[in-house]
Ligand code: DGT
Ligand code: CA
Ligand code: CA
Ligand code: ZN
């Protein structure tokens, strides 16, 4: 379905027009976007049948734009809007809780043109005095600016991984060896640029790279390194090295910088010198390793360190002492414990989700539609759940995948749950989550969640901090207390694998594991293609040093049941 993609672009147009102070048009785009989003049928079908104008709110002008998007994958009008809108104002619009209307107002009334200007006005306390800004405290705005600055110029995993893979596929036949390195190979949560390392004929490789269809500009082409700008302003660096140095270069350009600094120091302490060409004996200057990464680590007396651990968070000592974790892999994953069907706000039927789970070789999935209180996500009542159960029974007849009858129940403001306990007791699996009242202080928010845990009804606490990368800050929370309450009540904490969430992050997940909490990696899929987000969640889990026993959805069905039942009886 392309509906969501097209709708998102129409919303984007509406925002930019609003920001420019254009009247009426933004509402037309918003209306069309909303109607397209709620279509049951794929927009491509309307296009094929020449019926786009049958959609409410879609007139000739919007129809033309949809056609252009479908036929070319691009939209010139959007590029033009971006070109003519000052970049600083767009940044201001993206600050949480501000948006296009308020950004425009800040520009008109206070002359705010960029984040720096916004920060200045916030620090002077001039914003809360503006009409309509009462509850948007300066403190919150300042935090939002900080969050935006932290992700500025950085990209989410799901934009970068497919693009990097496509690029490697494209160049592969022209190179002897080719690998990604940098933050992408370490599965960092956000990525600054793509780094690729290859061996082979430099000219041939660079020529191939420059011909990659998504290259928009060649920024620099040198003997050993070429930098290009790809679609979406993404930058990629490709380096070609001699095969005798490939391992050393791979090690160096994988980073992180902090890991490399520590490793080089260890090399010196052990009588070596390490750089991107190889590992050398300090006295004889003789090269002792360089062709493979493994040999570099092993020559220095340690096991090869998986890239996800290379952050100078204790991995070098662990490698020296032979106690590196046996990290969880995507192949270990036996099922997915968070997804939504078209019973709530998912785009696919349960049947379709199950087929996709079969394709992935899963043993089980949990269908976890939203509960009644979450009306914007079409949450389910007890009655709906009963009806949904009939469909589950039906789908179960035609599959070997075990379907867990689940729910993502809303944790209300006071920590009570949004469904009767006797309904929840009947479910195979219950995820609890916070979807509103984010703005509590840390101790109130923590008590609210602990209260929910103490009902004994929650199996998994979903997206524990509520953050959305570059969009929404985590709510204030005492993570230590949440983790120990999770251990006490046997509640598993989720690593939400949706690339905008990645929540818990790797630091919190590691802390949880060390405290003895169990983790569930769930995609929170709202459509079949999202089941593929699992790899991003596994990336976080690996960065958190997790092994199979820490992650409940690496267990076989019986093991998972034992965990869930043990929890209920415990
Ligand atoms: P990113 O792109 O910001 O997400 O993060 P990285 O880690 O990919 O950083 P990037 O692309 O600047 O450089 C790739 C790797 O190259 C980095 O992880 C370590 C290595 N590297 C680059 N510059 C330096 C440096 O000045 N010192 C050291 N030790 N290593 C460097
Ligand atoms: Ca990079
Ligand atoms: Ca780079
Ligand atoms: Zn949720």
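Values in this text are rule-based calculations from the coordinates and carry no lab data. Quick caveat, the model's predicted, so the values are computed rather than measured. Reconstructed Cβ throughout: ideal geometry from the backbone, glycine too, with neighbour counts over all protein chains shown.
Compactness check for the stretch 326-388: Cα Rg over 2.2 N^0.38 Å is 1.29. Taking only the alpha-carbon positions of the stretch 245-320 and ignoring solvent, what does the Debye formula give for the base-10 log of I(q)/I(0) at q = 0.12, 0.21, 0.24 Å⁻¹? For the requested q values the scattering log ratios are -0.26, -0.84, -1.12. Here the Debye sum runs over all C-alpha atoms of the stretch 330-569 as equal scatterers in vacuum, and log10 of I(q)/I(0) at q = 0.09, 0.12, 0.15 Å⁻¹ comes out as -0.32, -0.59, -0.97. The spread of Cα positions in the chain, taken along each principal axis and listed from longest to shortest, comes to 76, 62, 56 Å. Could you tell me the center-to-center distance, by alpha carbons, between the stretch 333-367 and the stretch 505-525 in angstrom? Spelled out, the Cα-based centre of one part sits 21 Å from the other.
From the largest down, the stretch 155-240 spans 33, 24, 19 angstrom on the principal axes of its Cα atoms.
Taking only C-alpha pairs under 8 Å that are 6+ residues apart, what is the relative contact order of the stretch 1-108 in percent? Mind showing how you got there, number by number?
Working: 98 pairs, mean separation 34.2, N = 108.
Worked out over the stretch 1-108, it gives 32 percent.
Taking the helices alone, the chain has a mean residue ellipticity at 222 nm of -13000 deg cm²/dmol, built from -39,500 (n - 2.57) per DSSP H run of at least 4 residues and averaged over all its residues. Taking only the C-alpha atoms of the stretch 72-149, the Rg (one decimal) and the largest Cα-Cα distance, Dmax (whole number), read 13.5, 47 Å. Here the stretch 239-381 is described by how far its Cα atoms reach on the three principal axes: 75, 28, 26 Å, from widest to narrowest. With the highest mean first, a sort of the peptides 233-243, 399-409, 61-71 on other beta-carbon atoms found within 10 angstrom per residue produces 399-409, 233-243, 61-71.
Could you work out, for the stretch 2-151, what percent of all Cα-Cα pairs fall into each 5 Å distance bin, beginning at 0 Å and stopping at the bin that holds the largest distance? That works out to 2, 9, 18, 19, 14, 12, 10, 8, 5, 2, 0, 0, in percent per bin.
When the Cα centres of the stretch 1-49 and the stretch 240-294 are compared, how far apart do they sit, in Å? Here the two parts' Cα centres lie 52 Å apart.
What ranking, highest mean first, results for peptides 334-346, 277-289, 24-36, 508-520 when packing means the other Cβ atoms within 10 Å averaged over each residue? Let's see the in-between values first.
Working: 334-346: 23.4, 277-289: 14.7, 24-36: 18.2, 508-520: 21.0.
Going from most to least packed, we get 334-346, 508-520, 24-36, 277-289.
Using alpha-carbon positions, what is the distance between the centroids of the stretch 536-570 and the stretch 396-448, in Å? The two parts, judged by their Cα centres, are 18 Å apart. Taking all Cα pairs closer than 8 Å and separated by 6 or more residues, the relative contact order of the chain comes to 9 percent.
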